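A quick write-up on the structure given underneath.
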Amino acid sequence: MNQIFTILFDLDGTLVNTAPDLMHAHNYVMKKYGYDERKLSDIKKLAGRGSKIMLSRSIHELAELSGKIKKTEDKIEQMTKEFIEYYGNNIVKESTLKDGLLDFLSWCKKKSISMGVCTNKQEHLSIDLLKKIKIYNFFDYVAGGNTFNHNKPNPKHLTDTIEIMGGNIKKTIMIGDSETDSNASKAANIPFVLIQDGYTEKKTNEIYHDHLIKDFVGLEKIIKQYL
């Protein structure tokens with residue numbers, strides 16, 4: 001069934017402020033393997049491409065600072081497994097919804113707008129987080145970083161999700177917080193809404209976007225332009 005309109009959302013830093021819980025899981029693993037712990041601001045710059053890339057980048061940055069290279073691919077694999085296990089057991093300790101999100105999701109439902117999640121977080125963790133933070137039922141489909149053989153910034157992560165949802169790419173918009181979301185949207189030729197204070201190293205003006213928002217308060221005014 002074709003939807004009147006489809007909205008795709010990134011998860012971490014877009015729907016949910018997950019950085020505190022990501023930081024605790026990250027630091028648990030880093031400390032266990034003899035690496036320095038990182039601050040919340042560090043995690044917000046490192047997150048967005050999945051746990052393995054986050055840990056790899058974190059270790060690489062520490063190595064550059066210290067001049068000591070200690071990582072191996074086997075160690076990263078093991079650290080990633082332990083990160084996922086710890087994070088999965090502590091997924092909503094300090095994570096919170098973005099301001100205005102519940103009202104916006106409710107408005108979309110009333111307008112019969114179909115909603116999906118496209119995230120590089122693993123699918124089972126994404127679904128678990130959405131359920132525990134009590135917004136899972138708003139979404140028609142959740143595509144995690146391991147749902148397909150590709151993920152963002154590959155545009156097929158978005159277009160495959162739209163197809164599964166029965167949506168129309170010409171009647172779809174993407175909301176995200178980073179260049180990963182932006183690049184996927186641009187490549188898929190989908191309008192992109194950038195939410196500020198994202199999990200990225202880049203400044204707002206360095207990330208391509210069609211619309212810029214602080215949070216979800218009043219976002220329906222932008223969406224109405226597309227309906």
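Annotations
- The residue of segment 1-26 that is modelled with the lowest pLDDT, among those that are of a type in the set (Val, Ile, Thr) and either under 18 Å from ASP128 (Cβ atoms) or surrounded by fewer than 17 Cβ atoms within 10 Å (Cβ to Cβ) (or both), is ILE4.
- Any hit, segment 27-38, residues being under 27 Å from MET174 (Cβ atoms) and either modelled with pLDDT of 95 or more or not assigned by TED's automatic domain parsing to the domain that holds LYS132 (or both): no
- Inside segment 154-191, residues that are touching a Lys or Arg at 6+ places or on another chain (Cβ under 8 Å), buried (at least 22 other Cβ atoms within 10 Å of the Cβ) and either farther than 14 Å from GLY116 by Cβ or modelled with pLDDT under 95 (or both) make up a count of 2.
- Residue within segment 175-187 that is of a type in the set (A, V, I, L, M, F, W, C), closer than 18 Å to ALA47 by Cα and not assigned by TED's automatic domain parsing to the domain that holds LEU40 present: yes
- Residues in segment 192-220 that are crowded, with 20+ Cβ neighbours inside 10 Å and at pLDDT below 95: GLY198, TYR199, THR200.
The values are calculated or read from the model by the stated rules, or taken from the named source; none is laboratory data. Every value quoted in this text rests on a predicted model; they were computed, and no experiment measured them. Counting neighbours? That spans all protein chains shown, and the Cβs are built from the backbone with ideal geometry, glycine included.
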